[in-house]
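The values are calculated or read from the model by the stated rules, or taken from the named source; none is laboratory data. In this text the structure is predicted, and so the values were computed from the model without any measurement. Note: ideal-geometry Cβ built from the backbone for every residue, glycine included; neighbour counts use all protein chains shown.
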Amino acid sequence: MMKIMKNFKQYISLFLVALLIGFTLAFTGCGKKQKKEAAIGTPRGTETFGQVVQRRGMTADDILAAAKTYTPDHLQDEYVVINSGGQAGNLPVYLVPSMRLVKYAPTNARQAYDGYGYSTETKGLMKTGFIDGVEILWGDTHHPGISEKNGDYDGKWLAINDKANPRMFVLDLKDFEVKQVVNNPLFRSNHGGAFFTPNSEYVMEATQYPAPYDHKYHPLNDVNFRKYWRGGLTYWKFDDAKGRIDEKKSFTFELPPYTQDLSDAGKNASYGWGFTNSFCTEMYIGGDMQGRPPFEAGCSSRDVDYMHVTNWKKAAELVKQGKYKLINGMKVIPIDEAVKYGLLYLIPEPKSPHGVDVDPTGDYILVAGKLDSHAWVYSFAKIMKAIKDKNFEGHDSYGIPIIALQTALHGSVEVGLGPLHNQFDPKKGIVYTSVYVDSWTTKWDYINLKVLDHVSSNYNIGHLVAAHGDTKHPQGKYLIELDKLAIDRFNPVGPLHPQNHQLIDISGPKMKIIYDMPLPMGEPHYTVMENVNLLHTIDAYPVGTDIVTLKKAPYAVNAGEEHIKRYGNNVEVFGTINDGVVTPGNINVNQGQNVIIHLTNTGQTKVDHFVYEVASYDQQYRWRPGETASLEFVADKSGMFPLMLDKMHTPDGRQLEGYLAVKYNAKADNDRVMAFSKRIQIDNQMQKFKPSAIELKNLLPGEMEFLNYGCTACHKFGKDFNGPDLLMVDKRRSDEWLRSWIMHPEKHQKEASIEAMRQHYKLAMPNQNVSAQDVGKIIEFLKAKSTQVLNQQE
Amino acid sequence: MILITKRFLLLGIIFLLVASIDKPLFAQKTLNDVKKERGLTDADVLAAVKTFMPSGGRDEYLSFAGTGNSGTMIVYGIPSMRIYKYVGVFSPEPWQGYGFDDESSLLLKKASLDDKIDTYGDMRFPALSETKGEYDGKYLFYSDGANSRVAMLDLEDFETKQVLSNPLFLSAYPEVAVTPNTQWVIQTSQFPTTWNARSIDLKKDYDTKLKSGIAFWNFHTVEGTTKTGHAGRILKEKSVALELPPYTLGYFDVGKFGSEDYVVGVANKEGKHFAYVVNYKAVTALKTKQINGFSVIPLSEALQANAIALIDLPGKARMAKVTPKGKYFIVVADQTTVFDFAKVINAIKHKTFIGNADGGIPLIDFNVVSHGSLNFGSDVLDVAFDSRPNVAYVSVHNDKKIVRWNFESMKKLEVVTLDFKPSYLMVPQGLSATPHSNYLTAVDKEGLYKHFVSVGPVRPSFQHLIDISGNKMQDLYTMSLPQCNLYGSVSVLRTVIKPIVRYPTGTNSRTGEISPFKTVAGKEKIERKGNRVHIFGTLIRSHITPEIVEVNQGDVVTFHLTNLELAEDETHGFTVNTYGKQGSFEPGKTASLTFVADREGAFPYYCTEFCSALHLEMEGILMVKPKNWRGKESGGEIQLTMAELAKYKQNYEGKLKVISQTQDVINSVVKWLKENHYENHPFAKALVEDAVAQLGKAAVAKKNYEKFAKEGKWKQAFLWAEQYFQYQVKAADAGLRAQKILKEKLGSAK
């Protein structure tokens, strides 16, 4: 009853605010009717505050929200938010409270703006993240973590996982650049990473979907799944001074093939322990086409899943003593060993959980299970007591002791349908939980177990982030909901919508949404919010720095020392970008030579960023102040290719620095054609390129097939090229011969005319695996094109 | 100014009053509290309310940015300056699957000289399609300055539909312009090069062997073929390029209303600057020859047709822009000059030339065609127009100012001094025949702000929103644009664009046509021909069909997937772990991912876009069997004990109860929605339709659980009942969202 009364009062007061605004507007004399459509775009004239508010239909709350978030140039934002970019494979960074995006830091997708994946140095870094030799040019980044000291952010390093390709990336927050990529040699998938332990001793990475550690084929069935498939939890040893993962000192807990999910490290009393949740403890294999209900049914059929409790501190000691098994070069603690030494326990947890979050004191662990309307609070003290007393309700099928839920539970609170993730407030016992299905955030007290407030979101929140909300000292003030759907919130921009990040003011007793921010690329999952006071970024590097190693590059030269070395098939340029001018300007090479261009940017101010590029060679890089970086490529095309420099922080546009003059070489040109032909064959393994009906209608019959099989690489009409001129070829050869020749060129090698042509062009007609149907179309095109060209010539 | 302050005082008092009422109740801060706490001035608060967008509000304009070497388009709103979308154009972008799925990968490969994906572009000045000189909100074009390509995006779905290689230029000027009815999309070269793939001796052969050019890409539209009634494509076969002597070409524009047959631009050679004028209507009708498979008009033909001339400029020229009504074009330079189009056309017609420039191109006397010149200050960079008659704005970079002036009377009207060096300018609708007049954006290339938080050496681009609605211009907002080297933008009134929210089921979004790989529910299949495996699958909350796929090592595998969702924003993603491919499947889309399954083992695949409460369970397994595998067919299914079977029976019965309770919840939501006439609200209606569709899918699950229960197969019965429940959850999820939207709409209506 009291609550209703209070709500009623609030309603009345809001009503009064609205009324007053209304009056204000009336008195400020701007009660004009909505301007007509025709008037859109004509000058509005100088407007008063009241006129603006009325024109834009703003409420009192809107005005307050505007004032709380608008950050003019004379003010500074308070927090920086570093997000995972999801399948965009990058890290979106924005500022709070202005919610302005400032960066998309690349992690594992090439990014032209930064030049990431273009210089030899960053290409090499990316290459260390290729798995089994597969060129992986994207990633699915999920959970960033900032390095910690005494359970608080130290703001030095950032680690993030890749769910699609089980890897970890480490960034230096001095320059927000990736410095290290570490592949997990056991896993085929991960999700629960990266979570730092309180002094950055380790970074946690758990599997998502289990797979056999031996990476071998085992027929898929229930028995084999339980026998060969495995989950795991890797504790990557982190060197906080160097900011690098030490793979040799890292270890992995072998875990049952449950689908492990997120983790968190204990602090204070729970220091030395880690908590990892899981779903699909049913170990269910779906298969809708095999008549089995899909994974989603079988993976959610039990009432509870398991929280995994691991003792990393003790495990590290055992690993030091050599108590591990080496698998694929990784130190693995087998399940039975972990059980034997008391390193691994399970506790039932609500169904299909996502967030497992240790509170700032380290005394409580909160779990939000998406298929339960309650958030559950576990007491670390109770867990320890159960372990000490060996008070277990039984063991799972892998022999891991299970602590009874009631033994470990502090309590549970009904927070709504689909609780997902928790973030903490500086006030003791206060937590915020995102609720997916009900689309709201619940503020509640996890010690006294009561709900305090709700705020509705738009719509379906995934993770939440509060300022330092997962550390020992949360800072409160701001909370951000990472909504998974935006639907009607923004101007429509096609079927693919932006995400919506809603900023909430949590400084008062009532939560208030104060900003809707579209997140325009990528789909952030987890995110961290750090006070800007912890930032210690640099603007420039000492001249000659390789930004991956942060050491002096061996190719760095001073202005005046530029030179070109020619050896073997290589042309190696040691150049500079000095005062916005590249030396050397022109570069002369022969077709087929390997070109290496090292440039050192001698600039040292914030605006000395330069993009140097080779036109039509897809070669470019952004040189940061002081950086030395290299471009390396084979000059496989002949011609005059402009070498251009763009001074990024001036409006001057691109300047021509010179030309890459590539002198024609017949052999190299043949190599290029053969490579082209090979690419065409690979393309044809995919579906064939098919333009839209409009374009197709305007092509000659068979022209698409002629292009798709790459015939253009060698043949032209009315001109000899890498192969003979095709003009009127239909008059020289019979359809039958052409058909056989195109489909099986190897059968005609002994014919005298073919032999002569091969001598002349130094190139054999490749078999492009043209289908019987397509060869007819190509012959039709040869005739039509000849006629067209002849008409043009007349 | 005084007026504003007075109003502020009055409002301040009222807010204090409000504060005194509401403070004891829930301690909500007042505007004055916030101002004081944050150190905001009155002008700041005014700028804040002019730009802040309340939740669910719509920006007045959508803008499309030229992002330089990022190769990706940015879409942002005015006045909130929030970024809505990045769209892959010349660079692959995995979130959208652009350059990762087969359809877009092949699109990019075929747009290269060598059938390999050029991974970036340099796109600085985009153009919107026009009808009678007005933006029609249908298409958008970009030129790639780096790898010499042109791209077309459809604003129906904000996707890149075409990328085509210009086989002549090697480096293009990173700008496009369209003719008033979008018949031609114009692109020029920037730096001269050879067109025959041969190197030259620069000292000896510069003038004779290097070439420049202007490409006229033919654009062809077929009305009524898509949902919003437009489908257009550039036709390379009908496009032509004009061959020019080795001039370095710069910014250009197209005439309108009387000057609509002409393109004007700036050019320079050996430090000498010119404005060029080309009668493209005459030029595009001339006889062509084929070079590198492109139709080329020899310069001699254009000269003979009297279709090209140069104007000698006294200093360095930055750009040439045509005034909205087409009467003048303005060359922005140290001395900004207004040229009278009628005089220029007259001079060409009557061959009033003062001689020839390089390549034999006739020269027009500057004084004969100039309307007037003005000196605005140091380093004038750009000009923009608004709806005020004959009014233009120039940015004066070094002097940190923007000047409003009249190009008819040649008078300066107003100056705003800024805290930054402005460069490129943009007015919404600004390159159309009717520019608007309340906003102007100005790019700040330096971005040197004392208080702007630094996140490392690589910084974003900055752009300011300037209020030009009144007599005094005011700087309102500093916007940062990451992954963007910002130059020009184009901006269109939001109501002009009519995007779709879903595709007709089975659409190949790159062609806009139904894909041959479209797959509907129940028709999923795996086809094998030798080592070629095609999987025809579907995606729906929260499962992928098929969930288990087995192939042989070395097979070439293609997943052709169709997103069966009808609900807005219900996008799914797809990847096979460690195989390097990723696709984005918006509602209705069909796309394909091909790779060679060259490693044995078990590879999970999953939905990469958080789509539903059970998104993490939206998974499957690709089993790759080694060649000549001789292992044992080990393992098998686990038999249930009687006790386990009894447990499943119990679970099944329990689940039926949950299903009945959940149905009650759904019914209550449905009742509320009906009572409040959800059908009158499109967003709510679409969600209710989605909820109904989800429940409709549950029918099969129900049939299954009833069947298995009858047979006493309690495990299967339970699992299918669970699946039924999952559909209920999805229906409830959509229903609750509809209720929320409707409550908000009804609330605001009251």
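Identify the residue in the stretch A:489-514 that is assigned to a strand (DSSP E or B) and more than 24 Å from the chain's Cα centre (by Cα) and, among all such residues, is nearest to B:Leu493 (Cα to Cα).
Within the stretch A:489-514, the match that is nearest to B:Leu493 (Cα to Cα) is A:Ile514.
Can you find a residue that is within 26 Å of B:Trp95 (Cβ to Cβ), of a type in the set (Lys, Arg), at pLDDT 95 or above and not in a strand (DSSP E or B) anywhere in the stretch A:471-480?
no
Scan the stretch A:259-268 and give yes if some residue there is under 25 Å from B:Lys625 (Cα atoms), among the hydroxyl-bearing types (Ser, Thr, Tyr) and facing another protein chain (nearest Cβ under 8 Å), otherwise no. Spell out how you get there, then give the answer.
The first filter runs over the stretch A:259-268 and keeps only residues under 25 Å from B:Lys625 (Cα atoms), leaving A:259.
If we keep only those that are among the hydroxyl-bearing types (Ser, Thr, Tyr) too, we end up with A:259.
Now restrict to residues that are facing another protein chain (nearest Cβ under 8 Å): A:259.
Yes, because at least one residue in the stretch A:259-268 is under 25 Å from B:Lys625 (Cα atoms), among the hydroxyl-bearing types (Ser, Thr, Tyr) and facing another protein chain (nearest Cβ under 8 Å).
Would a scan of the stretch B:422-442 turn up a residue that is over 28 Å from B:Ala48 (Cβ atoms) and at the interface with chain A (Cβ under 9 Å from one of its Cβ atoms)? Give the steps one after another, and end with the answer.
The initial filter retains those residues of the stretch B:422-442 that are over 28 Å from B:Ala48 (Cβ atoms), namely B:431-434.
Add one more test, that the residue is at the interface with chain A (Cβ under 9 Å from one of its Cβ atoms), and what stays is B:434.
Taking every residue of the stretch B:422-442 in turn, at least one turns out to be over 28 Å from B:Ala48 (Cβ atoms) and at the interface with chain A (Cβ under 9 Å from one of its Cβ atoms).
If you scan the stretch A:388-420, which residues turn out to be surrounded by 20 or more Cβ atoms within 10 Å (Cβ to Cβ) and either within 14 Å of chain B (Cβ to nearest Cβ) or hydrophobic (A, V, I, L, M, F, W, C) (or both)?
Residues satisfying the conditions are A:Ile400, A:Ile403, A:Ala408, A:Val413, A:Val415, A:Gly416, A:Leu417, A:Gly418, A:Pro419, A:Leu420.
Residues being within 7 Å of chain B (Cβ to nearest Cβ) and acidic (Asp, Glu): count how many of those fall in the stretch A:647-681.
Qualifying residue count, the stretch A:647-681: 0.
Within the stretch A:618-632, take every residue that is facing chain B (nearest Cβ under 8 Å) and part of a loop (DSSP other than H, G, I, E, B) and give me the one that is farthest from A:Val582 (Cα to Cα). Reasoning before the result, please.
Going through the stretch A:618-632, the residues facing chain B (nearest Cβ under 8 Å) turn out to be A:618, A:620, A:622, A:624-625.
Subset that is part of a loop (DSSP other than H, G, I, E, B): A:618, A:624-625.
On the way: A:Asp618: 19, A:Arg624: 14, A:Pro625: 14 Å.
Per the criteria, the residue is A:Asp618.
Given the conditions (1) more than 21 Å from A:Gly355 (Cβ to Cβ); (2) away from chain B (no Cβ under 12 Å); (3) over 19 Å from the mean Cα position of the chain (by Cα), report the number of the one that A:His215 does not fulfil.
Result: A:His215 passes all but (2).
Evaluate the following for A:Lys385: is it surrounded by fewer than 20 Cβ atoms within 10 Å (Cβ to Cβ), without any contact (Cβ under 8 Å) to a residue 24 or more places away in the chain, closer than 30 Å to A:Ala338 by Cα and out of contact with any helix residue (DSSP H, G or I) (no Cβ under 7 Å at 6 or more places or on another chain)? Can you show your working first?
On the way: surrounded by fewer than 20 Cβ atoms within 10 Å (Cβ to Cβ): yes; without any contact (Cβ under 8 Å) to a residue 24 or more places away in the chain: yes; closer than 30 Å to A:Ala338 by Cα: yes; out of contact with any helix residue (DSSP H, G or I) (no Cβ under 7 Å at 6 or more places or on another chain): yes.
It is true that A:Lys385 is surrounded by fewer than 20 Cβ atoms within 10 Å (Cβ to Cβ), without any contact (Cβ under 8 Å) to a residue 24 or more places away in the chain, closer than 30 Å to A:Ala338 by Cα and out of contact with any helix residue (DSSP H, G or I) (no Cβ under 7 Å at 6 or more places or on another chain).
Go through the stretch B:349-438 and tell me which strands (runs of 3 or more DSSP E), entirely inside it, have 1 or more residues that are buried (at least 22 other Cβ atoms within 10 Å of the Cβ) and among the acidic types (Asp, Glu). Break it down stepwise before answering.
Details: elements: B:353-356, B:362-364, B:370-374, B:380-385, B:391-396, B:401-406, B:411-417, B:422-426.
Correct list: B:380-385.
Assigned to a loop (DSSP other than H, G, I, E, B) and over 18 Å from A:Ile136 (Cα atoms): is that true of B:Glu565 in this structure? Walk me through how you get there before you give the answer.
On the way: assigned to a loop (DSSP other than H, G, I, E, B): yes; over 18 Å from A:Ile136 (Cα atoms): yes.
Yes, satisfied.
Taking into account only those residues within the stretch B:88-132 that are more than 9 Å from chain A (Cβ to nearest Cβ) and out of contact with any Phe, Trp or Tyr (no Cβ under 7 Å at 6 or more places or on another chain), which is surrounded by the fewest Cβ atoms within 10 Å (Cβ to Cβ)?
Filtering first and then ranking leaves B:Lys132.
With respect to B:Ala693, is the statement that it is closer than 30 Å to B:Gly56 by Cβ, facing another protein chain (nearest Cβ under 10 Å) and in contact (Cβ under 8 Å) with a residue 24 or more places away in the chain true?
Details: closer than 30 Å to B:Gly56 by Cβ: yes; facing another protein chain (nearest Cβ under 10 Å): no; in contact (Cβ under 8 Å) with a residue 24 or more places away in the chain: yes.
Here the answer is no, as B:Ala693 does not meet what is asked.
One residue is enough: does the stretch A:168-175 have a residue meeting the conditions closer than 26 Å to B:Glu617 by Cα, modelled with pLDDT under 95 and either facing chain B (nearest Cβ under 10 Å) or not in a loop (DSSP other than H, G, I, E, B) (or both)?
Step one: filter the stretch A:168-175 for residues closer than 26 Å to B:Glu617 by Cα, giving A:168-169.
From what's left, modelled with pLDDT under 95: none.
Checked against the condition, which is being closer than 26 Å to B:Glu617 by Cα, modelled with pLDDT under 95 and either facing chain B (nearest Cβ under 10 Å) or not in a loop (DSSP other than H, G, I, E, B) (or both), the stretch A:168-175 yields no hits at all.
Can you say whether A:Val309 is within 14 Å of another protein chain (Cβ to nearest Cβ) and either more than 30 Å from A:Gln423 (Cα to Cα) or not hydroxyl-bearing (Ser, Thr, Tyr) (or both), as far as the supplied structure shows?
no
How do the strands (runs of 3 or more DSSP E) wholly within the stretch A:320-384 filter down when requiring 1 or more residues that are touching a strand residue (DSSP E or B) at 6+ places or on another chain (Cβ under 6 Å), over 17 Å from A:Gly231 (Cα atoms) and aromatic (Phe, Trp, Tyr): which remain? Please lay out each step first, then the result.
Numbers: elements: A:325-327, A:330-333, A:344-350, A:353-358, A:364-369, A:374-379.
It comes to A:364-369, A:374-379.
Run A:Asp132 past the list (1) more than 9 Å from every other protein chain (Cβ to nearest Cβ); (2) out of contact with any Asp or Glu (no Cβ under 6 Å at 6 or more places or on another chain); (3) surrounded by fewer than 21 Cβ atoms within 10 Å (Cβ to Cβ); (4) not β-branched (Val, Ile, Thr) and report the number of the one that doesn't hold.
Of the numbered conditions (1) more than 9 Å from every other protein chain (Cβ to nearest Cβ); (2) out of contact with any Asp or Glu (no Cβ under 6 Å at 6 or more places or on another chain); (3) surrounded by fewer than 21 Cβ atoms within 10 Å (Cβ to Cβ); (4) not β-branched (Val, Ile, Thr), the odd one out for A:Asp132 is (1).
May I ask you to list the residues in the stretch B:569-589 that are hydrophobic (A, V, I, L, M, F, W, C) and either under 19 Å from the mean Cα position of the chain (by Cα) or over 15 Å from B:Val557 (Cα atoms) (or both)?
Once the filter is applied, which keeps residues that are hydrophobic (A, V, I, L, M, F, W, C) and either under 19 Å from the mean Cα position of the chain (by Cα) or over 15 Å from B:Val557 (Cα atoms) (or both), the stretch B:569-589 yields only B:Phe585.
Would the stretch A:333-343 turn up any residue that is crowded, with 23+ Cβ neighbours inside 10 Å, among the aromatic types (Phe, Trp, Tyr) and touching a residue at least 12 places away in the same chain (Cβ under 8 Å)?
No, every residue in the stretch A:333-343 fails to be crowded, with 23+ Cβ neighbours inside 10 Å, among the aromatic types (Phe, Trp, Tyr) and touching a residue at least 12 places away in the same chain (Cβ under 8 Å).
Evaluate the following for B:Val556: is it out of contact with any helix residue (DSSP H, G or I) (no Cβ under 8 Å at 6 or more places or on another chain), at pLDDT 95 or above and more than 8 Å from chain A (Cβ to nearest Cβ)? Talk me through it step by step, then tell me what you get.
Numbers: out of contact with any helix residue (DSSP H, G or I) (no Cβ under 8 Å at 6 or more places or on another chain): yes; at pLDDT 95 or above: yes; more than 8 Å from chain A (Cβ to nearest Cβ): no.
Here the answer is no, as B:Val556 does not meet what is asked.
Inspect the stretch B:136-155 for any residue being surrounded by fewer than 24 Cβ atoms within 10 Å (Cβ to Cβ) and over 15 Å from the mean Cα position of the chain (by Cα) and give the result as yes or no.
yes
Can we say A:Met289 is modelled with pLDDT of 95 or more and either crowded, with 24+ Cβ neighbours inside 10 Å or aliphatic (A, V, I, L, M) (or both)? Full working, then the answer.
Numbers: modelled with pLDDT of 95 or more: no; either crowded, with 24+ Cβ neighbours inside 10 Å or aliphatic (A, V, I, L, M) (or both): yes.
In short, no.
Please enumerate the residues belonging to the stretch A:421-451 that are touching a Phe, Trp or Tyr at 6+ places or on another chain (Cβ under 7 Å), among the hydrophobic types (A, V, I, L, M, F, W, C) and crowded, with 24+ Cβ neighbours inside 10 Å.
Within the stretch A:421-451, just A:Val431 meets the criteria.
Could you please find all residues in the stretch B:472-501 being part of a strand (DSSP E or B) and more than 23 Å from the chain's Cα centre (by Cα)?
First, pick out the residues of the stretch B:472-501 that are part of a strand (DSSP E or B): B:474-481, B:489-493.
B:Gln474, B:Asp475, B:Leu476, listed by residue number.
As an exercise: evaluate B:Glu37 against (1) under 23 Å from A:Glu47 (Cα atoms); (2) surrounded by fewer than 18 Cβ atoms within 10 Å (Cβ to Cβ); (3) modelled with pLDDT of 95 or more; (4) more than 7 Å from every other protein chain (Cβ to nearest Cβ) and give the number of the one condition it does not meet.
(1)
When the residues of the stretch A:511-524 are filtered to those that are more than 7 Å from chain B (Cβ to nearest Cβ) and crowded, with 23+ Cβ neighbours inside 10 Å, which remaining residue is farthest from A:Ser263 (Cα to Cα)?
Only one residue tops the list, namely A:Tyr515.
Any idea which of (1) within 28 Å of B:Ser469 (Cβ to Cβ); (2) within 7 Å of chain B (Cβ to nearest Cβ); (3) surrounded by 24 or more Cβ atoms within 10 Å (Cβ to Cβ) is the one A:Asp77 doesn't satisfy?
(3)
Regarding B:Ser469, is this residue more than 9 Å from every other protein chain (Cβ to nearest Cβ), part of a loop (DSSP other than H, G, I, E, B) and of a type outside the set (A, V, I, L, M)? Quick ask: steps written out before the conclusion?
Numbers: more than 9 Å from every other protein chain (Cβ to nearest Cβ): no; part of a loop (DSSP other than H, G, I, E, B): yes; of a type outside the set (A, V, I, L, M): yes.
In short, no.
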